[in-house]
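J.: Take a look at this one; I'll ask things after.
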Amino acid sequence: MSYGAHSYANDPRNDDVLISVNGELKKRAEAVISVFDSNFMLGDGVWEGLRMKGGKILFLTKHLERLYGGARVLDFEDMPSPADMRARIFDCLEANGMEDGVHIRLMVSRGIRATPYQDPRVTITPPTVVIIAEYKAAATNDQGLRLFTSTIRRTGPDQQDQKLNSHSKLNCIQACIQAAKAGADEALMLDPSGAVATCNSTHFFIVKGGEVWTSTGMYCLGGITRANVIACCREGGIPIHEKPFSLHDVYTAEEAFVTGTFAGLTPVREVDGRALGPVLDQAPPATPGPVTAKLRELYADMQGREAEGR
């Protein structure tokens, strides 16, 4: 079962995939880590979601830059080299005979601790690296998502910096729970000032007067797809603004969409019970809207240009 922008159809081939655990390929039921691992014990780790199309991984170098940047911020020691990490990913894919329609979860923890304790100095192994590759094609969603604004705020860099793609995601999980209880697909989250920041698992954009708006990025993950869509706007001559804006701007937007590695661009049809679209047009708006549809085309072209092999 899956929801929102991460909806997909179950694929029975995933029952037999091999999973890479510290460079060793293991059957799904045998792919385990220690209860003393930093991720299990404390959420002390970083991760990336990757997509494989046509035998290549989309924007792989950018994802590795974010992963290794997060490892540096958290002061991980003895990380595998980027070349070794890239090799492990492709070793796993090739062992599974995978070429297309694949989603990869790359997870790195600080390593195994000697005892249940948060101080990194009790870590006794190099980082744990797990690579899970599955056949997982994103379900096409042209009906649009329904979002609900959560009371859980994004935190500033002096608290838990939201630019860090860590396994500590309880704020996002709490927001997602609120949205689910409200009957929505995903949560919209605000920053400490009350301006719109991002969604719990995707990045959020609106279209106003033919211009694309998104948040400043201060209170959200440095999204790879987010940055690529901003670049697509500039390449395609679509005005793009990274700026603070409020829920008033959202409710009166002509279009909205979310972005993420898994599904690319997914339209949004409703936020907090307000149907989006031109405010003077009483007819139901088309989904995806014209700007969203154009950006999907530009992003698909960029994917073709920036897919990477071994």
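J.: Does at least one position in the stretch 58-73 carry a residue that is β-branched (V, I, T) and either surrounded by fewer than 18 Cβ atoms within 10 Å (Cβ to Cβ) or without any contact (Cβ under 8 Å) to a residue 24 or more places away in the chain (or both)?
T.: Yes; the residues of the stretch 58-73 include at least one that is β-branched (V, I, T) and either surrounded by fewer than 18 Cβ atoms within 10 Å (Cβ to Cβ) or without any contact (Cβ under 8 Å) to a residue 24 or more places away in the chain (or both).
J.: Please state which one of G23, G45, G49 is farther than 29 Å from R305 by Cβ and within 18 Å of the chain's Cα centre (by Cα).
T.: It is G45.
J.: For G101, indicate whether it is without any contact (Cβ under 8 Å) to a residue 12 or more places away in the chain and within 30 Å of G23 (Cα to Cα).
T.: No: the conditions fail for G101.
J.: Let me ask something additional. How many residues are in contact with a strand residue (DSSP E or B) (Cβ under 9 Å, 6 or more places away or on another chain), assigned to a helix (DSSP H, G or I) and not aliphatic (A, V, I, L, M) when one looks only at the stretch 292-310?
T.: Result for the stretch 292-310: 5.
J.: Checking the conditions here, which among L247, L295 is of a type outside the set (D, E), within 17 Å of T202 (Cβ to Cβ) and touching a residue at least 12 places away in the same chain (Cβ under 8 Å)? Please lay out each step first, then the result.
T.: Values: L247 fails: within 17 Å of T202 (Cβ to Cβ).
Answer to the selection: L295.
J.: Let me ask something else. Being free of Cβ contacts under 8 Å to residues at least 40 places away in the same chain and either touching a His at 6+ places or on another chain (Cβ under 6 Å) or among the β-branched types (V, I, T) (or both) is the filter here; which residues of the stretch 113-138 pass it? Spell out how you get there, then give the answer.
T.: Applying the first criterion (free of Cβ contacts under 8 Å to residues at least 40 places away in the same chain) to the stretch 113-138 yields 117, 119, 121-122, 124-125.
V122, I124, T125 - these are the residues of the stretch 113-138 that are free of Cβ contacts under 8 Å to residues at least 40 places away in the same chain and either touching a His at 6+ places or on another chain (Cβ under 6 Å) or among the β-branched types (V, I, T) (or both).
J.: I'd like to verify a number: residues in the stretch 74-98 that are in contact with a Leu (Cβ under 8 Å, 6 or more places away or on another chain), within 27 Å of K27 (Cβ to Cβ) and without any contact (Cβ under 8 Å) to a residue 40 or more places away in the chain, how many?
T.: Residues that pass the stated criteria total 0.
J.: While we're looking at this one, here's another question. Output the residue which, of all residues in the stretch 12-48 that are of a type in the set (D, E, K, R) and free of Cβ contacts under 8 Å to residues at least 60 places away in the same chain, is nearest to M85 (Cα to Cα).
T.: Selected residue: E24.
J.: Next question. Within the stretch 266-291, take every residue that is without any contact (Cβ under 8 Å) to a residue 40 or more places away in the chain and not in a loop (DSSP other than H, G, I, E, B) and give me the one that is nearest to V196 (Cα to Cα).
T.: Selected residue: R274.
J.: Just a yes or no: is a residue in the stretch 157-165 in the same structural domain as A195 (by TED's automatic domain parsing) and within 17 Å of S38 (Cα to Cα)?
T.: yes
J.: At pLDDT 95 or above, surrounded by 21 or more Cβ atoms within 10 Å (Cβ to Cβ) and in a helix (DSSP H, G or I): does that describe V258?
T.: Working: at pLDDT 95 or above: yes; surrounded by 21 or more Cβ atoms within 10 Å (Cβ to Cβ): yes; in a helix (DSSP H, G or I): no.
Against the criterion (at pLDDT 95 or above, surrounded by 21 or more Cβ atoms within 10 Å (Cβ to Cβ) and in a helix (DSSP H, G or I)), V258 does not qualify.
J.: If you go through the stretch 15-48 one residue at a time, how many are of a type in the set (G, A, S), touching a Lys or Arg at 6+ places or on another chain (Cβ under 7 Å) and surrounded by 17 or more Cβ atoms within 10 Å (Cβ to Cβ)?
T.: Step one: of the stretch 15-48, the residues of a type in the set (G, A, S) are 20, 23, 29, 31, 34, 38, 43, 45.
Going one step further and asking which of them are touching a Lys or Arg at 6+ places or on another chain (Cβ under 7 Å), we end up with 20, 23, 38, 45.
Okay, now just the ones that are also surrounded by 17 or more Cβ atoms within 10 Å (Cβ to Cβ), so 20, 38, 45.
Qualifying residue count, the stretch 15-48: 3.
J.: For the stretch 136-241, list the strands (runs of 3 or more DSSP E) that sit wholly inside it and hold at least 2 residues that are surrounded by 15 or more Cβ atoms within 10 Å (Cβ to Cβ) and touching a helix residue (DSSP H, G or I) at 6+ places or on another chain (Cβ under 6 Å); which are they?
T.: 145-149, 186-190, 203-208
The values are calculated or read from the model by the stated rules, or taken from the named source; none is laboratory data. It should be emphasised that the depicted structure is a prediction, and the values quoted were computed from it without experimental measurement. Ideal geometry is used to build each Cβ from the backbone, glycine not excepted, and the neighbour counts take in all protein chains shown.
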